[in-house]
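K.L.:
Can you keep this structure in mind? I'll have questions shortly.
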Amino acid sequence: MDLTWGEDYAALAEVSKSVFARYSPLEDRANQVAIADQIAQFAELGWFQLGDPTGSDPDSPSLGTIAGIFVESGRALAATPLLELTMARDALLAIGTGKALGVAESIGDGGSVVVPVFPSPQWGSAVSYENGALNGTALAVSYADHADSFLVHAETGDHGDHGDGVVALIDASAPTGIEPLPNIGGHPMFALTFDGVPVADDAVLARGEEADRAVELAEQRGAVLSAAQVHGAGLRLLDMTVLYAQQRHQFGGAIGRFQAVQYLCTDIAIAAHLTSAHARSAARAIDAGTDPQPHLGLMRKHAAKAALQIVHAAHEVHAGIGFMVESNVHLFTDAAKRWQYDFGSAAVNDAEIVSALDRICTGA
C-alpha cells in the first residue's frame, strides 16, 4: 500500500495550519470569524479552484494533495463551509455545461455561495422532482443559512433508480422551509423542505445518469476529504492525550508510564493512521479513474469507527476532566458524532465493499 499523500501535500498543509488556527475553537473559543470572511480568505488563497474532478487538466493538484487542507481543518476542528463549497464546485465541473462551469467559476473566485443539497440514506432524506417541481425534505444541509443558491440532487420516477435524477440550481429563497437542526456539536445544519417548489427548465443543469454521476463523483471526493479531517482530528487528539499523560501525575509519577495508558494512546494513533491509509487509496483510485468503491467502503467503515475510537480512548486517559467545559477533549466528541453519521453504519459500508468486489470479480 502506498502511504504517501499528494506531491505538494506538505506545503499546502503547512499554509493551511496557520490559516485554520484563526478559526479553531481549540485556540480561542470566543473568536468568531464571519463565514463571509472565511470564504473570502479561501477564495484569495485559491482553495476553491483546486482540483479537477474530470481529470482533464494534467496540471491540477491530485485529490491527495488537496487533502492536506482538510487534514489541517480537522486538526483544528475548524468550522467552515470549505467542504460543502468544494463538493458543489466538483459536481458542477463534472456536469461541464456552460452554465454549470460559470457557476463553478463563481464559487472559485468567492463570488457565489452554492450549498449542495445531496440527500443521503444515512440521514433518511430524499427530494423528488416531478412535473417541474421539487418535493420532499433534505436533512443535515450544512450552512444553508449562508447560501446564495442551492445545488439540489433530486430523484425522478417512482423508485429513484440510478440514472433517473436531476441536478438543479435554485435560489436560496426557493425552499418552503429552512429549519435549524440543533445538535450536540453545534454544527450549522438545517432541514430544507420543498413543497411544490417550481424549477425553471434552464435551472436544471443535468439529468439522468449525467446528473447522478456528477453528484456521485462529488460525494466520493467529499468523503475522502472528510476522512482526511478525521485523520487530522485524530492527530491533534493524540498530541493532546500524550501530553496529558506526561503531565498528569498519580501514584508517584506520570500516568503515561502505565502500559494501559500507552495502549490507549496507541489506539488513537492506529485509528487515525488507518483511516488515512484508506483515504489515500480511495483518492488515488478516484484520480486514476478506476473503481474506487472497495477503497471508499473500507475508508468510510474505518473513518466512522475511528471517529468513535479516538474520542473513547482520549476520554479514558483524561478521565473526568475530559468532560469539563474547560477541556478541549469534549469538542472532539461533539465533532465525531457528525462524522459517524456521515460515514454510515458498518453494515452499510460492508455491503458496499462486497458489492464492489463482486463487480470486480465478475467483470461487471
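The values are calculated or read from the model by the stated rules, or taken from the named source; none is laboratory data. Predicted, not measured: the structure shown is a model, and the values here were computed from it. Cβ atoms come from the backbone with ideal geometry, glycine included; neighbour counts cover every protein chain shown.
K.L.:
Could we say that Ala147 is closer than 20 Å to Gly222 by Cβ, of a type outside the set (Lys, Arg) and either in contact with a helix residue (DSSP H, G or I) (Cβ under 6 Å, 6 or more places away or on another chain) or without any contact (Cβ under 8 Å) to a residue 12 or more places away in the chain (or both) here?
P.N.:
Working: closer than 20 Å to Gly222 by Cβ: yes; of a type outside the set (Lys, Arg): yes; either in contact with a helix residue (DSSP H, G or I) (Cβ under 6 Å, 6 or more places away or on another chain) or without any contact (Cβ under 8 Å) to a residue 12 or more places away in the chain (or both): no.
For Ala147, the condition - closer than 20 Å to Gly222 by Cβ, of a type outside the set (Lys, Arg) and either in contact with a helix residue (DSSP H, G or I) (Cβ under 6 Å, 6 or more places away or on another chain) or without any contact (Cβ under 8 Å) to a residue 12 or more places away in the chain (or both) - is not met.
Condition check ((1) modelled with pLDDT under 90; (2) within 15 Å of the chain's Cα centre (by Cα)) across all residues:
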residue: Thr290; (1), (2): no, no
residue: His295; (1), (2): no, no
residue: Arg300; (1), (2): no, yes
residue: Ser345; (1), (2): yes, no
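K.L.:
Now for a different question. Which of the following residues is without any contact (Cβ under 8 Å) to a residue 24 or more places away in the chain, closer than 29 Å to Ile321 by Cβ and assigned to a helix (DSSP H, G or I): Leu243, Leu237? Reasoning before the result, please.
P.N.:
Numbers: Leu237 fails: without any contact (Cβ under 8 Å) to a residue 24 or more places away in the chain.
Step by step, each of Leu243, Leu237 is checked, and only Leu243 is without any contact (Cβ under 8 Å) to a residue 24 or more places away in the chain, closer than 29 Å to Ile321 by Cβ and assigned to a helix (DSSP H, G or I).
K.L.:
Please specify each residue of the stretch 152-201 satisfying the condition of being at pLDDT 95 or above, among the charged types (D, E, K, R) and more than 30 Å from Val329 (Cα to Cα).
P.N.:
Result: Asp171, Asp195.
K.L.:
Now a separate question. Given the stretch 175-224, what strands (runs of 3 or more DSSP E) lie entirely inside it while holding 2 or more residues that are at negative phi and surrounded by 16 or more Cβ atoms within 10 Å (Cβ to Cβ)? Write out each step before concluding.
P.N.:
Details: elements: 177-180, 189-198, 204-207.
Fully inside the stretch 175-224 and qualifying: 189-198, 204-207.
K.L.:
Another question, if that's okay. Quick one: Thr137 ticks every box in (1) over 24 Å from the mean Cα position of the chain (by Cα); (2) among the polar types (S, T, N, Q); (3) crowded, with 16+ Cβ neighbours inside 10 Å except a single one, so which number is it?
P.N.:
Here Thr137 meets the rest and fails (1).
K.L.:
Scan the stretch 300-328 residue by residue and report those that are in contact with a His (Cβ under 9 Å, 6 or more places away or on another chain) and either crowded, with 20+ Cβ neighbours inside 10 Å or not in a helix (DSSP H, G or I) (or both).
P.N.:
Taking the stretch 300-328 and keeping what is in contact with a His (Cβ under 9 Å, 6 or more places away or on another chain), we get 300-303, 306, 311, 315, 322-324, 327.
Residues satisfying the conditions are Arg300, Lys301, His302, Ala303, Ala306, Val311, His315, Gly322, Met324, Ser327.
K.L.:
Would you say Ser112 is surrounded by fewer than 23 Cβ atoms within 10 Å (Cβ to Cβ), at pLDDT 95 or above and of a type in the set (Gly, Ala, Ser)? Steps first, answer last, please.
P.N.:
Details: surrounded by fewer than 23 Cβ atoms within 10 Å (Cβ to Cβ): yes; at pLDDT 95 or above: yes; of a type in the set (Gly, Ala, Ser): yes.
So Ser112 passes the test.
K.L.:
Touching a Cys at 6+ places or on another chain (Cβ under 7 Å), buried (at least 22 other Cβ atoms within 10 Å of the Cβ), not small (Gly, Ala, Ser) and not assigned by TED's automatic domain parsing to the domain that holds Asp90: does that describe Thr275?
P.N.:
no
K.L.:
Report, ordered by the first and then the second residue, all pairs with beta carbons closer than 9 Å, sequence separation of six or more or different chains, a first member in the stretch 40-62 that is modelled with pLDDT under 90, and a second member that is of a type in the set (A, V, I, L, M) and exposed (fewer than 12 other Cβ atoms within 10 Å of the Cβ).
P.N.:
Qualifying pairs under 9 Å: Gly55/Ala288.
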